[in-house]
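Down below is the structure, laid out as C-alpha cells.
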Amino acid sequence: MDLHLTSEQSMLRDSAQKFVAAAGPKVARGLRGREPGFAPKMLREAGELGWLGILVPAPAGGLDLGLTELALVLQQAGRGLVCEPIGLAAIAAAALAQGSTPHSMLAPVMAGSALVVTALQEGAFGDDPLAPRTRATKRDGALRLTGTKTFVCADGADGFLVSAGGSDGPVLCYVGRDAPGVSLTAIQTVDGRRLASLALADAPADLLSPHPSSRGAVEAVHNLLLLALAAELLGVMEKAQEMTLDYLRIRKQFGKPIGSFQALQHQAADNYIRIEATRSLVFQIAANTDAYAIDPLMAVAAKAKASGEALTVTKACIQLHGAIGFTDEHDIGLYLKRAMLLSSLGGNAAAQRRRYVALTDGRND
C-alpha cells in the first residue's frame, strides 16, 4: 500500500525516523531489567517534539493533529523498538485535555516530565472494556475507586487513567500513583520490561470528561489504545522483515545466497502480504476516522489483525534466520519479544475476535 502523505505528514515521519535512529535494538537490550524500563530523557525529547500532545487541541497547547499522524510516529517507534511509552502518553494527554478546564496533569504529560498511562484491563483477556468491575462511588463529595486492574504499563508512571463502573455507566478517572489506597504488584515480561497489577482500595480519583464527539470517555480511550498498539505492531513486523531480507541476501549456502531458494522466497512473500494488509487496514482507519469517535469494530479489527500478523511474521523471520535467529544475541529475537508484549496488551488476537463477534451480535439485535 502506498501512503499518500501531505508534506507535513512526511516531515513528521522523517522526524520520527531521526528520533528512532537514537534508539534501536542495542538501546532496548540495555534497558532490559532497568527501572524504569525507558529513558526519561527520551520521553522528554518526544514531548519537546510535540508528539505527546499530538491529539490535544491547540487551545490546550497541543498539535491538534489526527490519527494518521499518531500512527506514523508509533509505526516508527515500533521499527526502532523504542521503549518510551509515547503512544500511552499521547492517549493520556488527549483524555486529560477534555472538558472546559484541562486536568492539571496535562502540561507535564505533554512535556514528558510526567507519565500517565491507561489502566483499563481487568482479569482475563477479552473482558468487556465497557463493563469494568472496578467501582466508582461518591462519598463526602469525593470520588473513590475500588477494584483491580491488570497488565498496566506502570513502569515510571506518575498516574493512571482508570475505567470504572459508575451509577450511569462506565467512567474514566485519573488516579495518582501516590494516592492513598493505591498499590502496585509488578511482573517481568518476555520483553524485559515490567507490567503491573494496580489495586485500588477506596482510592481518591478525578472524573474526566468525554470528548463531545465520543460515545464515552472509556470507549474513546480504549479504541485509541487498540489502534495505537496496532500501528506500533506494524512497525515491529516491518523492521523484522527488512532485517530478514537483508540476511537472505548475504547468507550463503551451497555456494549461493539463501534468498535465491524458492521455499524461502515464498515465506518472505507471505510475510510481505501480511504486512501490507495490516498497513492498509491501520492507515485506512486512521485516515477516515475522528480520533475520538473510532468505530469499535474497526479498532478491534485493527488490533486483531496486527496482533496475529506480527506474531506470525516475527516467528517466520526467526525461522528464516536459521539457528542464529534463536539466540538472544541476535537482534531479530527482540522483535518477536516486542510483538509478544504489544499483541497481549488490550487483549490478544483471539480476545479481539471474540469482542468483534460480541459487538456484531449487539448491533444485529
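The values are calculated or read from the model by the stated rules, or taken from the named source; none is laboratory data. As the structure is a prediction and not an experimental result, all values here were calculated from the model. All Cβ positions, even for glycine, are placed from backbone atoms using ideal geometry, and neighbour counts span all protein chains on display. Please note that ligands, DNA and RNA were not included when accessible areas were found on the heavy atoms of the full protein model with its side chains. Shrake-Rupley method; radii C 1.70, N 1.55, O 1.52, S 1.80 Å.
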Scaled radius of gyration (Cα, divided by 2.2 N^0.38 Å) that region 223-365 gives | 1.17
For the chain, calculated [θ]222 nm from helices alone, where every DSSP H run of n ≥ 4 adds -39500 (n - 2.57) = -16000 deg cm²/dmol
What dipole magnitude, in Debye to the nearest 20, does the chain give about its Cα centre under +1 on Lys/Arg Cβ and -1 on Asp/Glu Cβ?
-> 960 debye
Would you compute the Debye intensity of region 52-196 from its alpha-carbon atoms alone, equal scatterers and no solvent, and pass along log10 I(q)/I(0) at q = 0.09, 0.10, 0.11 Å⁻¹ to two decimals?
-> -0.29, -0.36, -0.44
Expressed in angstrom and ordered largest first, the alpha-carbon extents of the chain along the principal axes are 79, 48, 41
Counting only the heavy atoms of the protein chains, how much of R193 is accessible to a 1.4 Å probe, in Å² to the nearest 10?
-> 50 Å²
Taking 0.36 nm per intervening residue step and subtracting the Cα-Cα distance, what contour gain separates D290 from T327 on full extension?
-> 9.0 nm
Among R279, R249, R29, which one shows the biggest mean-square fluctuation in a GNM of the chain, springs joining Cα atoms closer than 10 Å?
-> R249
Where the centroid of each part is defined by its Cα atoms, how far is region 136-165 from region 11-90 in Å?
-> 25 Å
Select from G61, S100, A77 the residue farthest towards the positive end of the dipole of region 1-123; place +1 on Cβ of Lys and Arg, -1 on Cβ of Asp and Glu, and compute about the Cα centre.
-> A77
Residues with amide H under 5 Å of G50's amide H, sequence separation 5 or more or different chain, H placed in the peptide plane at 1.01 Å from N; which?
-> none
With labels modelled as points extended 7 Å from the Cα through the Cβ direction, what inter-label distance (nm, one decimal) is found for A350 paired with K41?
-> 4.3 nm
Please compute the net charge surrounding S209, taking Lys and Arg as +1 and Asp and Glu as -1 over other residues with Cβ under 14 Å from its Cβ.
-> -2
For region 153-206, with only Lys/Arg (+1) and Asp/Glu (-1) charged at the beta-carbon, what is the dipole magnitude about the Cα centre, in debye rounded to 20?
-> 200 debye
Positive-end extreme of charge dipole, the chain - chosen from G87, T134, G308 (charges on Cβ) | G308
Peptides 297-309, 337-349 ordered by average Cβ neighbours within 10 Å, highest first = 297-309, 337-349
Scaled by the rule-of-thumb 2.2 N^0.38 Å, the alpha carbon Rg for region 1-127 gives a ratio of 1.09
Taking springs between alpha-carbon atoms closer than 10 angstrom, which of Q76, Q98, Q284 fluctuates most in the Gaussian network model of the chain?
-> Q284
Exposure of S15 as accessible area (Å², to 10), given a probe of 1.4 Å and all protein chains = 40 Å²
Keeping the other protein chains in place, figure out the carbon and sulfur percent of the accessible area of the chain, with a 1.4 Å probe.
-> 54 percent
Region 340-363 to region 209-284: how many Å between their Cα centroids?
-> 18 Å
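Which pairs, out of K252/K303; K138/K305; K256/K303; K26/K315; K41/K138; K252/K315, put more than 32 Å between their alpha-carbon atoms? Don't skip to the end; give the middle numbers.
Working: K252/K303 37 Å; K138/K305 40 Å; K256/K303 39 Å; K26/K315 20 Å; K41/K138 38 Å; K252/K315 21 Å.
In this structure, K252/K303; K138/K305; K256/K303; K41/K138 lie more than 32 Å apart at Cα.
With Kirkwood's inverse mean 1/r over C-alpha pairs for Rh, give me the Rg to Rh ratio of region 144-219, two decimals please.
Ratio of gyration radius to Kirkwood radius: 1.01.
Solvent-accessible area per residue for region 195-312 at a 1.4 Å probe radius, Å²?
41 Å²
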Quote to one decimal, in nm, the extra length available between A199 and D64 on full extension: 0.36 nm per residue of separation minus the C-alpha distance between them.
-> 45.2 nm
Please give the FRET efficiency for K18 paired with D140, using the beta carbon to beta carbon distance and R0 = 56 Å, rounded to the nearest 0.05.
-> 0.65
Taking every pair of alpha-carbon atoms in region 97-166, give the share separated by more than 13 Å as a whole percent.
-> 71 percent
